[in-house]
Amino acid sequence: MSPIKRLLSYFFEIKVEEVASTVSGKLKVSILNGRYCLSSANAVYSYEENYSSFKTAFEKTSIGKREIVNTLVLGYGLGSIPLMLNKAHNLHPRFTAVESDPVVLHLAKNYGYLPVSVALVQDDAYHYVINSTQKFDLICADLYVDDKTPAQAEKEEFLQALKKLVMPGGLLLFSRFYYEKHHRQLTDDFRKNVFEIIFPGAFAIKTKGNLMLGWENI
């Protein structure tokens with residue numbers, strides 16, 4: 001990113017690239033406030049350290065005080081999650097990042113945060129989780145197709161498998177849209193009828209437009 005584009009982006013959005021995805025529809029990379037932003041028609045997928053859902057959740061859970069060796073990121077975007085953990089919270093775990101959309105992976109390699117500690121895996125989150133045996137100290141589920149959570153990510157077998165991947169003492173953060181009435185209703189129903197049953201003791205953190213569902217394997 002050139003210094004001139006960075007400066008101008010504080011006054012107006014600068015579109016960098018727009019590309020069609022068979023998974024997510026039209027995706028746009030732009031520069032806003034000096035940061036790369038990846039968005040679909042109705043959702044922001046990544047916004048460096050300004051990605052408010054996980055920014056707020058990390059602050060509320062005092063993430064920087066935790067011992068985190070291995071982290072699983074489901075839905076990579078441009079790498080906001082590892083960027084925030086590395087730079088804002090001084091955490092440097094090994095990351096396994098699972099992303100199903102090849103277009104997102106292409107954009108991440110061109111514009112994203114990709115430290116050597118990130119192992120990118122092109123796979124469906126459901127397939128990866130169901131078949132994985134590795135355990136993680138932190139799991140961040142950021143699973144959206146535009147503004148919808150994939151149906152497979154709400155299935156009991158997926159969530160039960162996800163639960164088994166959380167290390168003792170580990171933390172799961174599961175992001176859900178919450179900014180319009182129909183999003184709030186869907187998320188409230190999912191939280192009450194599914195998530196809190198599978199994850200007893202679960203908690204929720206309201207963020208800007210999202211509700212972060214969390215669970216600690218105590």
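Of note:
- Remark: the chain carries a charge dipole of roughly 540 debye about the Cα centre, counting +1 on each Lys and Arg Cβ and -1 on each Asp and Glu Cβ.
- Alpha carbon centroid spacing (whole Å) that separates segment 1-79 from segment 160-218: 21
- Accessible-area composition of the chain, carbon plus sulfur, in percent [1.4 Å probe]: 52
- Gyration tensor (alpha-carbon) shape descriptor, segment 146-208, a/c threshold 1.5: prolate
- nm² value of the averaged projected area, convex hull over the Cα atoms of segment 1-54: 3.9
- Residue-count net charge about Leu120 - beta-carbon cut-off 15 Å; Lys, Arg +1, Asp, Glu -1: -3
- Taking all protein chains into account, the per residue accessible area for the chain stands at 48 Å² (1.4 Å probe).
- Here the chain is treated as an ellipsoid with the same Cα gyration tensor; its semi-axes, largest first and in whole Å, are 27, 19, 17.
- Separation of the Lys60 and Asn90 label points, Cα + 7 Å toward Cβ, nm: 2.5
- Ordering 69-82, 166-179 by mean Cβ neighbour count within 10 Å, with the highest value first, yields 69-82, 166-179.
- Compared with the dominant principal axis of the Cα atoms in the chain, helix 181-190 is inclined by about 30°.
- Crossing angle, helix 102-111 versus the chain [Cα axis fit, 0-90 degrees, rounded to tens]: 60
- In summary, the aspartates and glutamates within cross-link reach of Lys5, defined as a Cα separation below 15 angstrom excluding same-chain residues under 8 places away, comprise Glu13, Glu17.
- From helices alone, the chain scores -6500 deg cm²/dmol at 222 nm; the rule is -39500 (n - 2.57) for each run of n ≥ 4 DSSP H residues, then divide by the residue total.
- Cα-based radius of gyration of segment 100-186 once divided by 2.2 N^0.38 Å, which approximates compact folds: 1.19
The values are calculated or read from the model by the stated rules, or taken from the named source; none is laboratory data. Note that this is a predicted model, so its numbers are computed, not measured. No Cβ is skipped: glycine too gets one built from the backbone with ideal geometry, and neighbour counts run over all protein chains shown. When the accessible area is computed, the model is the full protein with side chains, heavy atoms only, and any ligands, DNA or RNA have been set aside. Shrake-Rupley method; radii C 1.70, N 1.55, O 1.52, S 1.80 Å.
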